[in-house]
Structure formats: structure tokens, C-alpha cells
Amino acid sequence: MAGMNFQYDETGSTFYYFLVSFYALALIPFSIWVFRAKEDKDPKDKDKTICHCEACQAKNRRLHASKPKERFIQKILYIVVIVGWVLFAWAAYKVAQIKTDHVEYDPYEVLGIDRGSSDKEIRQQYRDLSKVHHPDKSGGDDTMFLRIAKAYAALTDAESRKNWEEYGNPDGPGAMQFGIALPKWLVEGNTSIWVLMSYVIVFMVILPAVVGTWWYKSIKYSGDKILLPTTQLYYYFINKTPNMVFKRAFMILAASFEFWKRHNNEVVERPTDDEEVRQLMRDVSSTYLNEKNREQPLCFPYSVKARALLLAHMQRLQLPSTHLHSDLLHLLSKCPTLINEMVQICAQLTAMSKAGHATKPRLETLENIMKMCPLLVQGLWENNSPLLMLPHISEQQLKHFVNKKRAIRNLKQFCQLADEDRRSLVKHLEDQEYKNIINTLRSIPAVTMQCDMKVLDDEDNSITANAIVTVMVTLTRESMLSKYGSDPGSLANAADWAAAEGEDAEVALDDEPPADDPDMQEEEVEEKKKSSKPWEKNKGKKIKGRCKEKETRGICTL
């Protein structure tokens, strides 16, 4: 192009500016992503919401130990960021040390005289410098002599002086120069072939391979990271069975292709699975297992194994091996996302049914699908008491929650008790175990839903026929213990509560001695009545009198 001159960076100065600028654009957001701020809770507050029972501690250890690769990658990222900032500091230092090549031309400075010098002083200075730097003189300098001559002409010749004042150059306007911010050695000599090969490798090998790998993986999954064959499986069975019972929904969930080795490489198949799964199927003994079903893929071995593991989890059975336990953890990690996909498919089929392209699933189908999620999360069966979600509470201890004096059948009723009554109800537990129960109740949410229906209209907001009604749903999440009951707070530990009151650590939280459980006393009285002699059953009663005596817990009442 005329009037323009393109040249590579000779000294490397512009290359460093280019490098630092683009390096900072990548390094700063990458550092923010790696060292993203996390609001860590205060250990004291965190201790109030975390259960420290043996099962929860084992779960925390398992989660911490199951991600060694992620921790290794995180350390590598930290090292990369640190090295990146060190290189950035070095590049910034190099840029700061670079002296600019562009210097404004000043003939007075070249001749070494002041700007107010007369023509006579300019000529005299030119003659003196010419005698020193003339090429014919000993020690003369051609370059310096040309600069002196050019400066003298710029100050004495009218045209040269005009060019200098207008263009900054006595010779007039020169060609516009553009510098390419790459070192010149990249395109000269033997290095040019290596640069060309690097372009070929990056743009013709690495980039297509990365894009192809990403595309191959992306076409296998839906937007929610669900295998497309699993989504098609859900569409087929929900459309085929619009009125789906819980057992059918459970079998379809267990048949998800995320649990099949053919579609998911995370699944591990072992030679011992046949024997261990058969033993587990004998222990489960549930009609939900339905291993004789011949419908594909519900009859496939992976589906039967998944049903057996999930049933054992909800029935809280001990698995025969650690391998099955790891398989169960894999199933449970996938189930919430899969159930959510089934719910979305129900909504899509409902919309498609209005156009006549699908069968509308019934509301019972949606309820049965959604029912699976809390059962799997809580590890409970349909008829189990929700109190079993609490740590250290077993089936044998539930009989103390229901008697003649009280009937505690759910978590809400248990939260509504005073702290002293809750502690007396589980007084067989140690203080730390009771604190674990309180921490669990704090972490269980109590969700309140508020619906507001209105018409978004500037003039009339009333709901009329054919009006577009907007339903606004507000969900409020609170702690179940704080909403329905009294939260003992930092005094959840009975020993701390006793110390705060200035009493001994071993303190009774009710009127009776700790060892005397009223529920146990009532049961002992009932047992004694059953084992009493027949002829003594009317002892203490007046059959024909106006009053009747009755002996209850050692107190005679009329």
C-alpha cells in the first residue's frame, strides 16, 4: 500500500506491550475464577447445623476422600495462577524498562545550541561540529555528520525549516509506519517453518479434535445432563402408562440407562455381582422387586440390580459387600436429577396432549413420581415413621413416642415440644447424641408457600372471564425447629445447659429421676396386670358400690 510501511518489531518492545495486554485479559478473570471468594461459616455456627453422628461423619469422610482428582486439579490450578502472575510481573518489568524509539526531532538539540541562537551562531556551531565529525577527519562519524548537516539545513534553508515545522521532519512527510507486534526472528531464517507447523498443529489438529470431542459428548446428553436414551425411555413409558402407580414409576426409574455399563462408563460391573445381588434380592423380599417381569429394559440385569439396591436403601438393610455400597451411592447421586427429568416429561406430555400428539398423564402419576425423591433422600419406605430420619432413633425407640399421655408421630409434633420434654423423651441418649438430633432438626426445612393471583392491567386488576391471570408463588424456607418449636440454641447440649445454670453436668430435665422413665413404668404396670392371677383381677374394686376404686401407678383414686 502506497505511503505505508509495515515492519516487524526489531527490538521486541511492541511485542511486550502486546503480550502484557492480552496476558492480563486472560490472567485476571482466570485468577478470580480459581480464587473465587467463599463465605465460610463460623465454626461455632457451623457446629450448630451439622450432625456429628457416626453415619454423618462417615459420609463427610467419604465425600472428602472421593474427590482426590478434583483436589489435585485445584492444586495444579493454584500453581498455574502463581506462575502466571510471576510471568506477568516479569513481562511488566520488561515493558517498564523499554525505551521508546520515537523521539521528536529537534535540530537545535542535534547542534547543541539554544533555540534563541542567531544565524551566525548556528553557522559557527555547524562549522565546529563538521570539523570534528567529518568523515575525512580522523575519528569522524558519517551518521553524526549527516545528522548535523540535516539539522543545519532545517535551520537555514527556508523549505527545510517549513517541513520541519509542519511535519517534524526537514525532508517533508514520510511514509506512515506500522509495527507488527511480533519479533522479527519469528518469520526470518529457519524459524519460519516451525511457526508454520505450529499453526497447522493448532488449527488443523488440536482445534478440530477439541470441537469434535465436545460435540460427540454433547449430543449424548440433554440440557440437564441426562442421557437422551433415558429421556426417550421416560417418554415411552409415561405416555404408554398415563395412570402410573408408584411401583411402576419406581421400576422405570431403576431402568434408567445411567445405571447401565453400555451407556455409562462410570458403572462398574464385577464378576461377584451375580452372587451378591441374588443374596440381596432374597433379603429384600419385596413385590416391588418383580424380577420375573419380562418387559424390556425392566427385565435387564442392571435394572434388577438397581431396584434391589434402592429397595435395600429404603428398607435400611445392611448390604452384603462394600462394592454394592459404592454402587448404591452412584445410584443415589443420579436419582434426584432423573426424577426431575421425569417430572418435566410429564409437563411436556401434558402440553403435547392438548394438540393430540400424546396421552395426558394423570395427576396420580406425577404424585407417585415426586414421592420417590423424598423416600430416596430420607432412606424410608412409604409407611415408615418420619421420626426415623433423626439420628440415633430406631424402630424400637418409637414406642416411647406414642402412649396414653402423648402421640408424637411426625417431626412437627416433636419440634413443638418444649426442650425439656424433648430431652426427657430421649433421655436414654447421651448429651452429644441429643445435640445431633437438635442439629438435624435445625437443618430440616419448613417451606411455606403463598400464592397471589392477579391480572397485570393498568386500568382494571380484577379477574374476569378470558382474562390472563398471573400466579405469583412465594416460597419461604425456614428451619423446622425455629418455626414450630423452641430452639435451645447454644444450650442444645444438656451439659452446657446445666453448667449455665450453675448445676452439675448430670441433671434431670423433668420432675422424676432420670432413671425412672414414665413410659417404662406404665408398660411395667400393664405387664403386671396381664400376669396377675384371674381371681385377683377384681381386687381393689367394689362391684356393687356407688364408687369404684382403681389402682394406677400406686395412687388410689375414687
(message) Please count how many residues of the stretch 389-401 are open to solvent by less than 20 Å² (accessible area, probe 1.4 Å) and either assigned to a helix (DSSP H, G or I) or of a type in the set (Gly, Ala, Ser) (or both).
(response) 0
(message) For the stretch 198-244: of the residues being surrounded by 12 or more Cβ atoms within 10 Å (Cβ to Cβ) and β-branched (Val, Ile, Thr), which is farthest from the chain's Cα centre (by Cα)?
(response) Thr241
(request) Return yes or no: is Met342 in a helix (DSSP H, G or I), open to solvent by 60 Å² or more (accessible area, probe 1.4 Å) and either touching a helix residue (DSSP H, G or I) at 6+ places or on another chain (Cβ under 6 Å) or closer than 30 Å to Met251 by Cβ (or both)? (result) no
(request) Could you please tell me which pairs satisfy a Cβ distance under 8 Å, a separation of 6+ or placement on different chains, a first residue in the stretch 216-241 that is within 18 Å of Arg262 (Cβ to Cβ) and free of Cβ contacts under 8 Å to residues at least 12 places away in the same chain, and a second residue that is β-branched (Val, Ile, Thr) and open to solvent by 70 Å² or more (accessible area, probe 1.4 Å)? (result) Leu228/Ile219
(request) Please specify each residue of the stretch 449-489 satisfying the condition of being touching a residue at least 24 places away in the same chain (Cβ under 8 Å) and loosely packed, with under 10 Cβ neighbours inside 10 Å. (result) Met449, Gln450, Val473, Thr474, Leu475, Arg477
(request) Hey, can you tell me all the residues within the stretch 346-367 that are in a helix (DSSP H, G or I) and surrounded by fewer than 19 Cβ atoms within 10 Å (Cβ to Cβ)? (result) Ala347, Gln348, Thr350, Ala351, Met352, Ser353, Lys354, Leu363, Glu364, Leu366, Glu367
(message) Just to be sure I understand the filter: pairs with C-beta atoms under 9 Å, separated by 6 or more residues or on different chains, first member in the stretch 263-291 and at pLDDT 85 or above, second member surrounded by fewer than 17 Cβ atoms within 10 Å (Cβ to Cβ) and basic (Lys, Arg). Which pairs pass?
(response) His263/Lys220; Val267/Lys261; Val268/Lys261; Glu269/Lys261; Glu276/Arg270
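Could you say whether any residue in the stretch 243-250 is more than 19 Å from Lys305 (Cβ to Cβ) and touching a helix residue (DSSP H, G or I) at 6+ places or on another chain (Cβ under 6 Å)?
Start the filter on the stretch 243-250 by keeping residues that are more than 19 Å from Lys305 (Cβ to Cβ), which leaves 243-246.
Right, trim to touching a helix residue (DSSP H, G or I) at 6+ places or on another chain (Cβ under 6 Å) and you get 244, 246.
Yes, the stretch 243-250 has at least one match.
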(request) Kindly list, by first and then second residue, each pair from a residue in the stretch 54-72 that is under 17 Å from Ile437 (Cα atoms) to a residue that is modelled with pLDDT of 70 or more and not basic (Lys, Arg), limited to pairs with Cβ atoms under 8 Å and residues at least 6 apart or on different chains. (result) Ala55/Pro391; Cys56/Ile50; Cys56/Pro391; Cys56/Asn436
(message) So for the stretch 281-304 (the condition being open to solvent by less than 40 Å² (accessible area, probe 1.4 Å), part of a helix (DSSP H, G or I) and among the acidic types (Asp, Glu)), does at least one residue qualify?
(response) no
(request) Show the residue pairs that are 6+ apart or on different chains and have beta-carbon atoms under 9 Å apart, the first residue being within the stretch 23-37 and assigned to a helix (DSSP H, G or I), the second being modelled with pLDDT of 85 or more and open to solvent by 60 Å² or more (accessible area, probe 1.4 Å). (result) Tyr23/Leu87; Leu27/Trp85; Leu27/Leu87; Phe30/Val80; Ser31/Trp85; Val34/Tyr78; Val34/Val80
(message) I'd like to know if the stretch 379-388 contains one or more residues that are farther than 21 Å from Phe257 by Cβ, surrounded by 15 or more Cβ atoms within 10 Å (Cβ to Cβ) and over 30 Å from the mean Cα position of the chain (by Cα).
(response) yes
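Picking from Lys412, Lys405, which residue would you name as being touching a helix residue (DSSP H, G or I) at 6+ places or on another chain (Cβ under 6 Å) and surrounded by fewer than 17 Cβ atoms within 10 Å (Cβ to Cβ)?
Details: Lys405 fails: touching a helix residue (DSSP H, G or I) at 6+ places or on another chain (Cβ under 6 Å).
The unique qualifying residue is Lys412.
Okay, residues lined up against (1) without any contact (Cβ under 8 Å) to a residue 40 or more places away in the chain; (2) out of contact with any His (no Cβ under 7 Å at 6 or more places or on another chain); (3) closer than 29 Å to Arg406 by Cβ; (4) open to solvent by 80 Å² or more (accessible area, probe 1.4 Å):
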{"position": "Leu425", "(1), (2), (3), (4)": "yes, no, yes, no"}
{"position": "Tyr434", "(1), (2), (3), (4)": "no, yes, yes, no"}
{"position": "Ile438", "(1), (2), (3), (4)": "no, yes, yes, no"}
{"position": "Pro445", "(1), (2), (3), (4)": "yes, yes, yes, no"}
(message) Looking at the stretch 305-319 only, could you name the residues that are assigned to a loop (DSSP other than H, G, I, E, B) and open to solvent by 30 Å² or more (accessible area, probe 1.4 Å)?
(response) Gln315, Arg316, Leu317, Gln318
(message) Restricting to the stretch 423-478, name every residue that is in a strand (DSSP E or B) and either hydroxyl-bearing (Ser, Thr, Tyr) or at positive phi (or both).
(response) Thr448, Thr470, Thr474, Thr476
(message) Pro374 - would you say it is more than 18 Å from Leu317 (Cβ to Cβ) and open to solvent by 20 Å² or more (accessible area, probe 1.4 Å)?
(response) yes
(request) State all residues of the stretch 261-277 that are of a type outside the set (A, V, I, L, M) and either open to solvent by less than 40 Å² (accessible area, probe 1.4 Å) or more than 15 Å from Asp327 (Cβ to Cβ) (or both); if no residue qualifies, say none. (result) Arg262, His263, Asn264, Asp273, Glu276
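The values are calculated or read from the model by the stated rules, or taken from the named source; none is laboratory data. Please read these numbers as outputs of a predicted model, since none were measured by experiment. All Cβ positions, even for glycine, are placed from backbone atoms using ideal geometry, and neighbour counts span all protein chains on display. When the accessible area is computed, the model is the full protein with side chains, heavy atoms only, and any ligands, DNA or RNA have been set aside. Shrake-Rupley method; radii C 1.70, N 1.55, O 1.52, S 1.80 Å.
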